[in-house]
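No lab work stands behind these numbers, since they all come straight from the coordinates. The shown structure was predicted, so the numbers you read here are calculated from the model rather than taken from an experiment. Quick reminder, even Gly has a Cβ in these numbers, built from the backbone with ideal geometry, and neighbours come from all protein chains shown.
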Amino acid sequence: MRLAKPTPTCPTHLLVAELWGLGDLALAMPFLREAARHGRVTLLAKPHAAPLLRRFAPAVELIEFTAPWTEFRGKYRFHHWPWREMRAVARQLRAEKLNAAVSARPDPREHLFLRWAGLRDLRGFPRAGSGFILRRALATPHEPHRAAYWRALADSFGWALPPPPATVPNGNHVVIHCGAAQPTRRWPRERYDIIATRLRNAGWRVTVLDEALTDLEVLLEHLAGADRFVGNDSGPGHLAALSGVPTYTLFGPQLPERFTPRHARAAWIEGAPCRFKPCHDYCRFDLPHCLLHHTTDAVWTDIQRWLQGL
C-alpha cells in the first residue's frame, strides 16, 4: 500500500468525522477551526458536539450521528444497530455534495460507513486492511497522542495547526471535576473532597463538579471561569485545556502520552503499572487498581508542586 504524500489542496466542502467522546472532540477543535479558514466544513459527530461548536468553532456545521460502534455495550450486536437512522444519515451526507472527508481515527468501521455514504475522496489512517477504502492513506504519526493524528491530517492539506495554549490565568479559582463516563476512570469522590478542603485551606476558591452535571453549556461556563482544573482522564479536562486552563489529570488505565489535555502547562500523575495497560473503558479486575493506587497524600503533594510551578 502506498501512503499519500502531503498535498496542499483545499476542498470547498470538507466533512470531518469525530464520532466519539467530548475529549476526542476537544482534540479535534484546532483542526476544525483551521479547516474552516479554508472552506466550508461539516462535522459528523454525536449531538453533544453542538454546544462545543457554538463556543469554539461557530463556522462549522453539524450533522448529528451516534454511531453504534461507539457504544460501550452491545457495539457488535449488528442486528440491533439503527440501520434506518444510518441510511438516513448516509442520504443526508450524499445530499450535502461534499467533495472530501477526513477521519482521524484508524477505524475500518468508520471508513466503511463514510464510503457507503458516498464519500470517495476520504483520507485517514488505515487499520486492519482498510487502506483500500481510503483515497489517501496517511502514515501513522510517530507521536502516539491523539492530537498528532489531527496534525498529520492538517499537514496533508498543507495547513499548520497552532501549538497548545500556554496561558496561565491569574485568579485563584480551581474547578475539580470528579466524574467520568466510565467507573474505571473515576478516582473516589471522597478523596477529591479531601483535596478540595486542602485547596481551600491553602487560599484557593474551589468548585467541585461531577457527572451529575449533564448540561454541557453549564459545564463550559464553569470551565471558562476556572483558573486551574483538576480531574480524571475524561472529557472535562480536555475542554478545560481547550478553554486555556492549565490542567492536572489523574490517569489510571490509559497512558498520558496518548491523552494528556493539550495545554502547555498540563500536568498529570500516571496510573500504577499493570500488565494489561493501556485499557479504555473495561477492567479485567473488580476495581481499577492502577487508579485507586493514587493516595490522597501523594496526589496532594503532586498538585502542590504543580501549582507552585505555574
Output the number of the condition that residue 276 fails; it satisfies all remaining conditions of (1) in contact with a Lys or Arg (Cβ under 8 Å, 6 or more places away or on another chain); (2) surrounded by 24 or more Cβ atoms within 10 Å (Cβ to Cβ); (3) assigned to a loop (DSSP other than H, G, I, E, B). (2)
Of all residues in segment 279-301, how many are more than 21 Å from residue 196 (Cα to Cα) and in a loop (DSSP other than H, G, I, E, B)? 10
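Listed here are the residues, each with its yes/no results for (1) farther than 24 Å from residue 128 by Cα; (2) among the basic types (Lys, Arg).
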position	(1), (2)
56	yes, no
75	no, yes
78	no, no
91	yes, yes
97	yes, yes
101	no, no
For segment 113-131, which positions are out of contact with any Lys or Arg (no Cβ under 8 Å at 6 or more places or on another chain), surrounded by fewer than 16 Cβ atoms within 10 Å (Cβ to Cβ) and under 21 Å from residue 11 (Cβ atoms)? 116
For residue 247, state whether it is surrounded by 14 or more Cβ atoms within 10 Å (Cβ to Cβ) and either out of contact with any helix residue (DSSP H, G or I) (no Cβ under 9 Å at 6 or more places or on another chain) or of a type outside the set (Phe, Trp, Tyr) (or both). yes
Quick one: residue 114 ticks every box in (1) in a loop (DSSP other than H, G, I, E, B); (2) touching a residue at least 40 places away in the same chain (Cβ under 8 Å); (3) among the aliphatic types (A, V, I, L, M) bar one, so which box is it? (1)
Candidate set from segment 132-145 (those that are free of Cβ contacts under 8 Å to residues at least 60 places away in the same chain and touching a Phe, Trp or Tyr at 6+ places or on another chain (Cβ under 7 Å)); member that is surrounded by the most Cβ atoms within 10 Å (Cβ to Cβ): 141
